[in-house]
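A.B. asks: First the structure, which I've put down as structure tokens, then a few questions once you've had a look.
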Amino acid sequence: MEKSEINLSEVTERSYGRLNPNSVLGAILVLVAGIFLFYIAPTYINEPPSMQHPLLSPRFLPQLAGWLVLLLSLALLIEGLVRPPRHTAAEKLHEGIPVLRWVLMIASGAIYMLFFEELGAIGSGILVSVLLFLASDLRKVSIYLLAIVFPVVVSLLFVHLLNVPLPVGTLWE
Amino acid sequence: MENFSEVLALFLSVDNFLAIAAGVLVGVVVGAIPGLTATMAVALALPFTFSMEPVTAILLLVGIYKGGMYGGSITAILIRTPGSPAAACTLLDGYPLAQQGKAKKALKTALYSSCVADMISNIALIFFAAYLAKIALNFGPPEYFWLICFSLTIIVSVSGDSVIKGLIAAGLGIIVSTVGLDAVYGTQRLTFDSYNLMDRVSFIPLLIGLFAIPEVIEFYTSKVLPHIRTAVSGASLTWKEFKGCLKSVVRGSIIGVIIGAIPGTGATSAAFISYSEAKRNSPRKANFGKGEIEGVAAAEAGNNGVAGATLIPLLSLGIPGDVITAIILGAFMIHGLTPGPVLFQENLTLVYALFCGILVSSVVLLVVGNAAIRYFSLIADIPKSILLPIVLMFCVYGAYAVNNNTFDIGLMLIFGVLGFIFNRTGVAAAPFLIGFILGPMFEDNLRRTLLISKGDPSIFFRGPIAWVFITLTVASLLFAIRRYWLSRQEASAA
Amino acid sequence: MRQLIRNAAKTAALGVAAVLTLSSPQVLAEGWPEDNIRLVVPYSAGGTTDLLSRKVADLLQKELDTVIVENRPGAGSTVATAQLARGGRGSDHTLVMASPGHTIGAAIYPNLRYNPIEDFRFIRNVINIPNVMVVPGNSPYNTVAEFVEAAKQEELSFSSPGIGSSIHMSGELFKNLTGAKMVHVPFRGSGEALPALLSGDVDVAFENMPTVYPHIQSGKLKALAVTTATPSEFLPGVPTIQEAGAEYGLGDYETSAWFGLIAHKSFPEEGVTKLQEALDKIMAGEDFNNFLPQFGAEAGKVVGDDFRNFVAEELTKWAEVAEKANLKR
């Protein structure tokens, strides 16, 4: 996901003057809305056998919203083709980022998403904080102590003071 | 009032003041933690009130409620992480202000507007409760339907640079909001047979994901910039600046009071409507969304204006307007009190003692809030490389804690990626949120109306309240179209 | 910056110390419980189930060990029960506050991965809250009979705080047994449903006693009947639906919102006994009995296997209603 995003801005950079990023966005959204309206909505929204009124249908609102998105993305696509794109200086910021930096970020997300219960709130908190500190190339040891102290303090606060349970970690039990 | 001394005797106790102070403090802190909402704090505090005096118990809960309403704005402003749903509107201008090094100004604006709105709301509760309660009772499904239609028109004013993109985001938000079991027929909608999706997409993970996570992703996909120190978050708010916002604050408070008095609408809508109205009437329209203190003021006034007013249907009718007041209703019942007209007849002294406490709580909020700002604004000075991993941790813990479910962590991260894509493609995230909140309300009330009238559409035009909101909706749409037209002309002229 | 971090670390250390001293164990008894007891509430914090559970937890805590209340809402309480059924670590100290959602959920939700009866130990029914059949104060109907007659001529509407709630299902059951024409108007929570009833937008509701009791007293709502088999002491003179509607096929009509503790099927025998003893003691106590009337509630009656049989009967009843109302997914 992140990778394609970065590519998108590079494409815009190179084809500056020809292709408006809004048109690209519009085209993607037209495709998404189309798939939603003609495949997902009919397949995954079940209609009851009988209804008192057609506006009561479970499909009514999702389809209304779907058509709204479809038509407006079409407008976005066309508008983008008519108008020349503008170049933004912000894109420069996203060039030449060390691969390790965003790989570590994705790894962090994955750890929280997949191993939160296994590692526990404290375990995953410490691991991810360390990874993300590494990603920013922090060198001071004292900062890494924070990566241990914060998850411990915060989860103890949640569990004991606020009575909000957090997982201990199935691996450690 | 001959029993004034009785009221004072009931109210003037150390316990009550302690309860208010503790309540507001807990509310502010918990409200500021992403994922932990005022609702949760009130629910968790309830068992502690079992053994207290009734007035003390309820003041504690009301204090948490009010503190939580304000607390949510602190992290919204500082780290773009709305501590409570209603604070999502505050961050539209609050976070840009913080990034410009004006965090303190934004925090103070939020606090003062909150307190003013709170006071106005309390006064409405004390003096106009009976009148507002009557309006609330006349609000049936058709009237709600038009109120929601009017609320939907605010999407235009929070769409940022592109109205088309804003509307697309709102459409996507509506689609996401329909996930879950259908409210009328119980059929599955877009659940893909997952149990975790049957009760709809959880709100808090979506909220945090949409606003806080994109900042994290953005940081790790950009070059490392040197940290700019902002001399403890910049200058404070001047009286002149706040005076400029006062009109919006009062307007927002009144909007908050009206929305709060109607059960089931909520502080988030009030905040956005207030923001939208402020923007429409402001001479600095173009600066909204880019760091305008009036935007912060309007949003906070709208959301805190609701706090006192939600007690109106609760106290005068016995109807809880939202989850928090439902919990407070529970607290009343545990102490053998039944809110409603009977309460005013049988326990008038207690009601007035409560009113005194509620008034005091607004003042306490000012004091506690000021102290909180002093400490919380230190966050603005921590370099992002250290701050963001900790923010992420809070978000994950918070998202998990809502339902004690790891699925919600995944959900939050997915919406984080979506929010990031929105950021990069210039799509505003606020309309998505509004679509997500109002979509189901729109559908529910449309369907309820049709079910009640057995399909007869004339019910939609049945009374003056309906017509008021029809007029507002049409006017708001015409205004939006006119402004869109003007901006197009300007653009082509340039 | 360094100063800031050092300060933060200092505060953190103090925090840890404070928290550790706070969390020291309270009571150490012989045998079960060897650990904190977890009471899982299958609904969000702040609802009726949550409120009752926290009160029960508060009282249990005084008899046994620390009780930690945990909210695990989702899919009409089936998320929490599914997790309990799976068992595993800690399940010998975990309880769930079951309610009508346990049986209605099983009747409505598709492919549950557990058996709502076989996979659990049924400890005790703790609290029952009757539902009341109420109509707006200015409604033309004064008895159940008048209502049913009218509903046979013209379709009437009934409100509920949501599909699959005991209030909704009570209405569906009523509709099934009488053959009356009634359309369900779902709201989200009683707070939203109540104004529509008070203003007469909907014709009837089968609401929980505590929600409507003050409005019955003030005359804004009329109670036609209670849904339990015996009349309620809170509404003297109000008949049961069974009595009032016997001639319309309501002779066996009975519903209520019941709340009871269930556990995993391999829950230790000693724990069951200790819990039942503790609950007996609590339910005989003053605190509990002062608490009940605030909710128009009654003490639960069935224990152990009787509780299990009661739930099994409920399950059959709701499965049939769900089938007829076309709610089974």
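A.B. asks: Listed residues B:I164, B:I168; which is over 25 Å from C:S165 (Cβ atoms), in contact with a Leu (Cβ under 6 Å, 6 or more places away or on another chain) and without any contact (Cβ under 8 Å) to a residue 60 or more places away in the chain? First the steps, then the outcome.
C.D. replies: Values: B:I168 fails: without any contact (Cβ under 8 Å) to a residue 60 or more places away in the chain.
After ruling out the rest, the residue left standing is B:I164.
A.B. asks: Which of the numbered conditions does B:N405 fail, given that it passes all the others? Conditions: (1) in contact with a helix residue (DSSP H, G or I) (Cβ under 6 Å, 6 or more places away or on another chain); (2) in contact (Cβ under 8 Å) with a residue 24 or more places away in the chain.
C.D. replies: Failing condition for B:N405: (1).
A.B. asks: Next question. What single numbered condition from (1) in a helix (DSSP H, G or I); (2) within 11 Å of chain B (Cβ to nearest Cβ); (3) under 26 Å from C:F288 (Cα atoms); (4) touching a residue at least 12 places away in the same chain (Cβ under 8 Å) fails to hold for C:D58?
C.D. replies: In the conditions (1) in a helix (DSSP H, G or I); (2) within 11 Å of chain B (Cβ to nearest Cβ); (3) under 26 Å from C:F288 (Cα atoms); (4) touching a residue at least 12 places away in the same chain (Cβ under 8 Å), C:D58 misses (4) alone.
A.B. asks: While we're here: Check whether at least one residue in segment B:415-426 is in contact (Cβ under 8 Å) with a residue 24 or more places away in the chain, within 14 Å of chain A (Cβ to nearest Cβ), outside any helix (DSSP H, G or I) and touching an Asp or Glu at 6+ places or on another chain (Cβ under 8 Å), and report yes or no. Talk me through it step by step, then tell me what you get.
C.D. replies: Taking segment B:415-426 as the starting set, the residues that turn out to be in contact (Cβ under 8 Å) with a residue 24 or more places away in the chain are B:415-420, B:422-423, B:425-426.
Filter once more, so that each one left must be within 14 Å of chain A (Cβ to nearest Cβ): B:415-420, B:422-423, B:425-426.
Narrowing the set further to residues that are outside any helix (DSSP H, G or I) leaves B:426.
Checking the rest, the ones that are also touching an Asp or Glu at 6+ places or on another chain (Cβ under 8 Å) come to B:426.
Yes, segment B:415-426 contains at least one residue that is in contact (Cβ under 8 Å) with a residue 24 or more places away in the chain, within 14 Å of chain A (Cβ to nearest Cβ), outside any helix (DSSP H, G or I) and touching an Asp or Glu at 6+ places or on another chain (Cβ under 8 Å).
A quick yes/no check of all residues on (1) open to solvent by 10 Å² or more (accessible area, probe 1.4 Å); (2) more than 14 Å from chain B (Cβ to nearest Cβ):
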{"site": "C:G171", "(1), (2)": "no, no"}
{"site": "C:L198", "(1), (2)": "yes, no"}
{"site": "C:F206", "(1), (2)": "no, yes"}
{"site": "C:K222", "(1), (2)": "yes, yes"}
{"site": "C:A225", "(1), (2)": "no, yes"}
{"site": "C:T230", "(1), (2)": "yes, yes"}
{"site": "C:A246", "(1), (2)": "yes, yes"}
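A.B. asks: Going through C:E247, C:E207, C:E269, C:E254 one at a time, which residue ends up being out of contact with any helix residue (DSSP H, G or I) (no Cβ under 8 Å at 6 or more places or on another chain) and acidic (D, E)? Steps first, please.
C.D. replies: Values: C:E247 fails: out of contact with any helix residue (DSSP H, G or I) (no Cβ under 8 Å at 6 or more places or on another chain); C:E207 fails: out of contact with any helix residue (DSSP H, G or I) (no Cβ under 8 Å at 6 or more places or on another chain); C:E254 fails: out of contact with any helix residue (DSSP H, G or I) (no Cβ under 8 Å at 6 or more places or on another chain).
Checking each option against the conditions leaves just C:E269.
A.B. asks: Another question about this same structure. Please verify whether B:A76 is open to solvent by less than 10 Å² (accessible area, probe 1.4 Å), under 30 Å from B:S458 (Cβ atoms) and touching a Pro at 6+ places or on another chain (Cβ under 7 Å), treating the condition exactly as stated.
C.D. replies: Values: open to solvent by less than 10 Å² (accessible area, probe 1.4 Å): yes; under 30 Å from B:S458 (Cβ atoms): no; touching a Pro at 6+ places or on another chain (Cβ under 7 Å): yes.
In short, no.
A.B. asks: In addition: Name the residue, out of B:I154, B:I217, B:I213, B:I208, that is modelled with pLDDT of 85 or more and closer than 25 Å to A:L71 by Cβ. Walk me through how you get there before you give the answer.
C.D. replies: Numbers: B:I217 fails: closer than 25 Å to A:L71 by Cβ; B:I213 fails: closer than 25 Å to A:L71 by Cβ; B:I208 fails: closer than 25 Å to A:L71 by Cβ.
The unique qualifying residue is B:I154.
A.B. asks: Can you name every residue in segment C:277-303 that is under 19 Å from B:G336 (Cα atoms), open to solvent by 50 Å² or more (accessible area, probe 1.4 Å) and more than 17 Å from the chain's Cα centre (by Cα)?
C.D. replies: Step one: filter segment C:277-303 for residues under 19 Å from B:G336 (Cα atoms), giving C:283, C:285-299.
If we keep only those that are open to solvent by 50 Å² or more (accessible area, probe 1.4 Å) as well, we get C:286-287, C:289-290, C:293-294.
Once the filter is applied, which keeps residues that are under 19 Å from B:G336 (Cα atoms), open to solvent by 50 Å² or more (accessible area, probe 1.4 Å) and more than 17 Å from the chain's Cα centre (by Cα), segment C:277-303 yields C:E286, C:D287, C:N289, C:N290.
A.B. asks: Is it true that some residue in segment B:160-169 is open to solvent by less than 30 Å² (accessible area, probe 1.4 Å), more than 10 Å from chain A (Cβ to nearest Cβ) and at pLDDT below 90? Full working, then the answer.
C.D. replies: Narrowing segment B:160-169 to residues open to solvent by less than 30 Å² (accessible area, probe 1.4 Å): B:162, B:164-166, B:168-169.
Subset that is more than 10 Å from chain A (Cβ to nearest Cβ): none.
Taking every residue of segment B:160-169 in turn, none turns out to be open to solvent by less than 30 Å² (accessible area, probe 1.4 Å), more than 10 Å from chain A (Cβ to nearest Cβ) and at pLDDT below 90.
A.B. asks: Restricting attention to segment C:248-276, and to residues there that are touching a residue at least 60 places away in the same chain (Cβ under 8 Å) and part of a helix (DSSP H, G or I), which single residue is surrounded by the fewest Cβ atoms within 10 Å (Cβ to Cβ)?
C.D. replies: Within segment C:248-276, the match that is surrounded by the fewest Cβ atoms within 10 Å (Cβ to Cβ) is C:E270.
A.B. asks: Only one of (1) open to solvent by 20 Å² or more (accessible area, probe 1.4 Å); (2) at the interface with chain A (Cβ under 9 Å from one of its Cβ atoms) is not met by B:N404, so which one is it?
C.D. replies: (1)
A.B. asks: From B:F432, B:F394, grab the single residue that is within 21 Å of the chain's Cα centre (by Cα), within 8 Å of chain A (Cβ to nearest Cβ) and either surrounded by 20 or more Cβ atoms within 10 Å (Cβ to Cβ) or not in a helix (DSSP H, G or I) (or both).
C.D. replies: Working: B:F432 fails: within 8 Å of chain A (Cβ to nearest Cβ).
Answer to the check: B:F394.
A.B. asks: Let me ask another. Could you tell me which of the residues B:A301, B:A235 is open to solvent by 30 Å² or more (accessible area, probe 1.4 Å), within 17 Å of B:G94 (Cβ to Cβ), in contact (Cβ under 8 Å) with a residue 60 or more places away in the chain and among the aliphatic types (A, V, I, L, M)? Talk me through it step by step, then tell me what you get.
C.D. replies: On the way: B:A301 fails: open to solvent by 30 Å² or more (accessible area, probe 1.4 Å).
Result of the check over B:A301, B:A235: B:A235.
A.B. asks: A further question on this structure: Answer yes or no as to whether C:I262 is more than 18 Å from the chain's Cα centre (by Cα) and β-branched (V, I, T). Don't jump to the end; show me each part of the working.
C.D. replies: On the way: more than 18 Å from the chain's Cα centre (by Cα): no; β-branched (V, I, T): yes.
Against the criterion (more than 18 Å from the chain's Cα centre (by Cα) and β-branched (V, I, T)), C:I262 does not qualify.
A.B. asks: Just for helices (runs of 4 or more DSSP H) wholly inside segment B:2-110: which have at least 1 residues that are among the β-branched types (V, I, T) and at pLDDT below 90?
C.D. replies: The qualifying helices (runs of 4 or more DSSP H) are B:4-11, B:14-32, B:38-49, B:54-79.
A.B. asks: May I pose another question? Looking only at segment B:454-494, count how many residues are under 27 Å from B:G140 (Cβ atoms), without any contact (Cβ under 8 Å) to a residue 60 or more places away in the chain and not hydrophobic (A, V, I, L, M, F, W, C).
C.D. replies: 7
A.B. asks: Quick one: in segment A:129-173, of everything that is among the aromatic types (F, W, Y) and more than 10 Å from chain B (Cβ to nearest Cβ), which residue is nearest to A:I97 (Cα to Cα)? Can you show your working first?
C.D. replies: To start, the set of residues in segment A:129-173 that are among the aromatic types (F, W, Y) comprises A:133, A:144, A:150, A:158, A:172.
Now narrow it down to the ones that are more than 10 Å from chain B (Cβ to nearest Cβ): A:144, A:172.
Working: A:Y144: 23, A:W172: 36 Å.
So the residue we want is A:Y144.
A.B. asks: Look at segment A:43-61 and say how many of its residues are over 15 Å from B:T191 (Cβ atoms) and either assigned to a loop (DSSP other than H, G, I, E, B) or not aliphatic (A, V, I, L, M) (or both). Spell out how you get there, then give the answer.
C.D. replies: Pass one, segment A:43-61, residues over 15 Å from B:T191 (Cβ atoms): A:48-57, A:60-61.
Retained after the next criterion (residues that are either assigned to a loop (DSSP other than H, G, I, E, B) or not aliphatic (A, V, I, L, M) (or both)): A:48-54, A:57, A:60.
Matching residues across segment A:43-61 total 9.
A.B. asks: Being modelled with pLDDT of 85 or more, open to solvent by 30 Å² or more (accessible area, probe 1.4 Å) and facing chain B (nearest Cβ under 7 Å) narrows it down to one residue among A:L61, A:L71, A:L55; which is it?
C.D. replies: Selected residue: A:L55, the only one of A:L61, A:L71, A:L55 that is modelled with pLDDT of 85 or more, open to solvent by 30 Å² or more (accessible area, probe 1.4 Å) and facing chain B (nearest Cβ under 7 Å).
A.B. asks: So, one more: Which numbered condition trips up C:D306, out of (1) in a helix (DSSP H, G or I); (2) crowded, with 20+ Cβ neighbours inside 10 Å?
C.D. replies: Of everything listed in (1) in a helix (DSSP H, G or I); (2) crowded, with 20+ Cβ neighbours inside 10 Å, C:D306 misses just condition (2).
A.B. asks: For segment B:170-193, which positions are at the interface with chain A (Cβ under 7 Å from one of its Cβ atoms) and touching a Gly at 6+ places or on another chain (Cβ under 9 Å)?
C.D. replies: Initial filter on segment B:170-193 (at the interface with chain A (Cβ under 7 Å from one of its Cβ atoms)): B:171-172, B:174-175, B:178, B:182, B:184-185, B:187-190, B:192.
Hits for segment B:170-193 are B:G171, B:L172, B:I174, B:I175, B:T178, B:Q188, B:R189, B:L190.
A.B. asks: Turning to a different aspect of this structure: Going through segment B:244-298 one residue at a time, which ones are more than 14 Å from the chain's Cα centre (by Cα) and not in a helix (DSSP H, G or I)?
C.D. replies: Answer for segment B:244-298, where residues must be more than 14 Å from the chain's Cα centre (by Cα) and not in a helix (DSSP H, G or I): B:I262, B:P263, B:S282, B:P283, B:R284, B:F288, B:G289, B:K290, B:G291, B:E292.
A.B. asks: I'd like to check something: does segment B:333-346 contain any residue that is modelled with pLDDT of 85 or more, part of a helix (DSSP H, G or I) and more than 9 Å from chain C (Cβ to nearest Cβ)?
C.D. replies: Step one: of segment B:333-346, the residues modelled with pLDDT of 85 or more are none.
Checked segment B:333-346: no residue is modelled with pLDDT of 85 or more, part of a helix (DSSP H, G or I) and more than 9 Å from chain C (Cβ to nearest Cβ).
A.B. asks: Of the residues that sit in segment C:232-244 and are in contact (Cβ under 8 Å) with a residue 24 or more places away in the chain and part of a loop (DSSP other than H, G, I, E, B), which one is surrounded by the most Cβ atoms within 10 Å (Cβ to Cβ)?
C.D. replies: Quick first cut of segment C:232-244, residues in contact (Cβ under 8 Å) with a residue 24 or more places away in the chain only: C:232, C:234-235, C:238-239, C:241, C:244.
Checking which are part of a loop (DSSP other than H, G, I, E, B) leaves us with C:232, C:234-235, C:238-239.
Working: C:S232: 21, C:F234: 19, C:L235: 19, C:V238: 18, C:P239: 17.
Out of the qualifying residues, it is C:S232.
A.B. asks: Could you say whether any residue in segment C:309-322 is open to solvent by less than 60 Å² (accessible area, probe 1.4 Å) and touching a Phe, Trp or Tyr at 6+ places or on another chain (Cβ under 6 Å)?
C.D. replies: First pass over segment C:309-322, keeping only residues open to solvent by less than 60 Å² (accessible area, probe 1.4 Å): C:310-312, C:314-315, C:317-319, C:321-322.
After this cut, where a residue has to be touching a Phe, Trp or Tyr at 6+ places or on another chain (Cβ under 6 Å) as well, the list is none.
Within segment C:309-322, none of the residues are open to solvent by less than 60 Å² (accessible area, probe 1.4 Å) and touching a Phe, Trp or Tyr at 6+ places or on another chain (Cβ under 6 Å).
A.B. asks: The conditions are (1) surrounded by fewer than 24 Cβ atoms within 10 Å (Cβ to Cβ); (2) within 28 Å of B:C245 (Cβ to Cβ), and B:T109 fails exactly one of them. Which is it?
C.D. replies: It is condition (1) that B:T109 fails.
A.B. asks: A further question on this structure: Would you pick out the residues in segment B:366-389 that are modelled with pLDDT of 90 or more and either hydroxyl-bearing (S, T, Y) or open to solvent by 30 Å² or more (accessible area, probe 1.4 Å) (or both)?
C.D. replies: Across segment B:366-389, the qualifying residues are B:L366, B:V367, B:N370, B:A371.
The values are calculated or read from the model by the stated rules, or taken from the named source; none is laboratory data. Owing to the predicted nature of the structure, the values given are computational and were not obtained by experimental measurement. With ideal geometry, Cβ positions are generated from the backbone for all residues, glycine too; neighbour counts draw on all protein chains shown. We work out accessible area using only protein heavy atoms, side chains counted, and drop any ligands, DNA or RNA first. Shrake-Rupley method; radii C 1.70, N 1.55, O 1.52, S 1.80 Å.
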